[in-house]
Amino acid sequence: MEILRTAGEFRAWSRKTRLAGQRHGFVPTMGALHEGHASLLREAKRRADVVSLSIYVNPTQFGPSEDFQKYPRTWEADVATAEREGVDAIFAPQTLYTPDSITQVVLPGWNAVLEGEIRPGHFDGVATVVAKLFHIAECDLAVFGQKDAQQALLVRRMIRDLDLPVDLVVAPTIREEDGLAMSSRNRYLSSEDRSRSVVLSRALGASVDAWKGGETSPEKILAAGWRVLGGTPPDSVDYFTLLDPDSLAVLDARATLEGPAILVVAARYGSTRLLDNAVLGNVWA
């Protein structure tokens, strides 16, 4: 396994593999790898001849009130995970930005919706760093997790709008035995909050069950989940709602659900903020 520190090294490695006729699968991460990330690496390995992994804590996607310095950095454990999963190369740059960098990739309107509104600059930071990584990696396919569904939808839209030559694969969310979605943030939960947080996946499940039972009213689908959330409420809920997977627009609760949709939730337990989601229909087609 090679450790590549510069954009030039990573690009040269990728071009060498492709000249050899190998299909290159890429998994971008911010490190602090867990089983969810490992599942993405396995999916990339299943679909490609060589697999690369990036580990870069991207400063531009942190909101003004979020502490970039506190994001967990677990380099030795991450390298061990990559080796165990058969990764061929890790791209771990010191930075991806020059001091005078001003160019951004922006999806107009998305900054006014959910994560974009709550975390100012977040979507611009994600779009820009992923565009840079794709440009450097020159990969054939990239694997993202459904766990960060809004990011995956953003990347899908960017690939389509900019005609990027990358196949996007969105792999299922990996969960703990009790249903909690695996996340680097879970390590910050107290034991009590950890027990309470399982309500998020249960609330999503209740809404999905309502939809599977034939319910087409967004209001009633959401109400089924809210009833579960109310039984063991988080400290606060930023949102629990349905989104259009193409525009990221929040669906009108009074309308009729006629196509695929994505159900998203963000809740806080103390200082820890958790995200989760569920899909209704074939969202990733």
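The values are calculated or read from the model by the stated rules, or taken from the named source; none is laboratory data. Here the structure is a predicted model, which means the values were calculated and not measured. Positions of Cβ are generated from backbone atoms using ideal geometry, with glycine treated the same way; all protein chains shown enter the neighbour counts.
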Which fully enclosed helices (runs of 4 or more DSSP H) of the range 174-285 have 1 or more residues being within 26 Å of residue 29 (Cα to Cα)?
191-196, 199-212
Residue 187 versus (1) at pLDDT 95 or above; (2) out of contact with any strand residue (DSSP E or B) (no Cβ under 7 Å at 6 or more places or on another chain): which is the lone unmet condition?
(1)
Mind telling me which of the residues 95, 103, 128 ends up being among the hydroxyl-bearing types (Ser, Thr, Tyr) and within 27 Å of residue 243 (Cβ to Cβ)?
128
Between 38, 12, 32, 7, which is of a type in the set (A, V, I, L, M, F, W, C), on the phi > 0 side of the Ramachandran plot and in the same structural domain as residue 130 (by TED's automatic domain parsing)?
32
In the range 179-194, is there at least one residue being surrounded by fewer than 20 Cβ atoms within 10 Å (Cβ to Cβ), within 20 Å of the chain's Cα centre (by Cα) and hydroxyl-bearing (Ser, Thr, Tyr)?
yes
When restricted to 200, 96, the only residue out of contact with any helix residue (DSSP H, G or I) (no Cβ under 7 Å at 6 or more places or on another chain) and touching a residue at least 60 places away in the same chain (Cβ under 8 Å) is 200
Tabulated pairs, the range 254-276, first at positive phi, second surrounded by fewer than 21 Cβ atoms within 10 Å (Cβ to Cβ) and modelled with pLDDT of 95 or more, C-beta under 9 angstrom, 6+ apart or interchain:
270/189; 270/190; 270/193; 270/235
Kindly evaluate residue 185 against the criterion of being within 17 Å of residue 107 (Cβ to Cβ) and of a type in the set (Lys, Arg).
no
